[in-house]
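K.L.:
I have a structure here, written as C-alpha cells, and I will follow up with some questions on it.
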Amino acid sequence: MSELKTYRISSPDFINPLWFNVARAGRHAAVVQADRTVLLNGHSLSLRDPLPLPGTAVKVWLNARGYFVCALESDLALEEAAQRAAVAADQARRDAQLNALRAQAEAFNARLTLPFKWDVRIKDVLSGLSAESWGDGRNKATVEHIHLLEAFSTGRLTRKAGDFLCTARSGTNGMRYTSLPSVWRDADDQPYQPKVTCKTCLVQARRWINIADDVAAKEKP
C-alpha cells in the first residue's frame, strides 16, 4: 500500500485555544479555496504545498508532529479501502490457520482407536490460573493428554476413570482444577478437541494407533 500523500498547511498567526481544541481532534472536511487556503471552523489556513484546483474536497487534521496537514478525500477513500482489504486478507489467513489446526487435530485424534472412552484434557498449573495469566490453567509447557472417561486395564497398564493415560492417580496425575475437557475453536467459533500432544500418552497409545492409512499409502504404486 502506497504512502498517503499529505499537504502541509500553515497554522494561523494567532491560535484561539478553543478553536485549537476542536481542530486537533479528528479529521475535518474542507474545500480548497480560490486563494489557496482551506477554511477550517472559521479560520483560513494557507497551503504550503501545491494542490489541485480550487474546489477540491480535502480533510484536515493535526499530525503526530504537531503540523496541520490535509489530504484529498479521494486519496483517503482509496487508503481506507486498501486498509479494509488488508484487514480482510489478514482475517482470511487467520481463519485458514484455525481451520487447518482443526483438520489436523481431528485427523490425528481419529487415528487413536483406543479401547475405552476418552477425551483430551490438560494438567492444570496454578500459575495458569492467576490474574496475570489467561486463566485457563496453562503455561508454555502445557501439553494435551488422553484422559480416560472409564476404567481400563490391560497387562500391566491399569487406569481408573479420571486418570490420564500417561499417569495414574497414584502418580503425577495432575490437579485438574478446572476439570473440563480441552476445547479449541475454529474460524466459525465451533468447538473441537485439540490434537493429543503428550509424548508419554502417545507412547502408551501406540499399540492402538490406526496405521491402516500409512500401510495403504506405502502400498500405492
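K.L.:
How many of the residues making up the stretch 25-52 are in contact with a Leu (Cβ under 8 Å, 6 or more places away or on another chain) and either acidic (Asp, Glu) or exposed (fewer than 13 other Cβ atoms within 10 Å of the Cβ) (or both)?
P.N.:
Matching residues across the stretch 25-52 total 2.
K.L.:
Taking strands (runs of 3 or more DSSP E) that do not extend beyond the stretch 45-163, which have at least 1 residues that are under 30 Å from residue 189 (Cβ atoms), under 32 Å from the mean Cα position of the chain (by Cα) and modelled with pLDDT of 90 or more?
P.N.:
118-121, 145-148
The values are calculated or read from the model by the stated rules, or taken from the named source; none is laboratory data. Because the structure is predicted, anything quoted here is derived from the model rather than measured. Note: ideal-geometry Cβ built from the backbone for every residue, glycine included; neighbour counts use all protein chains shown.
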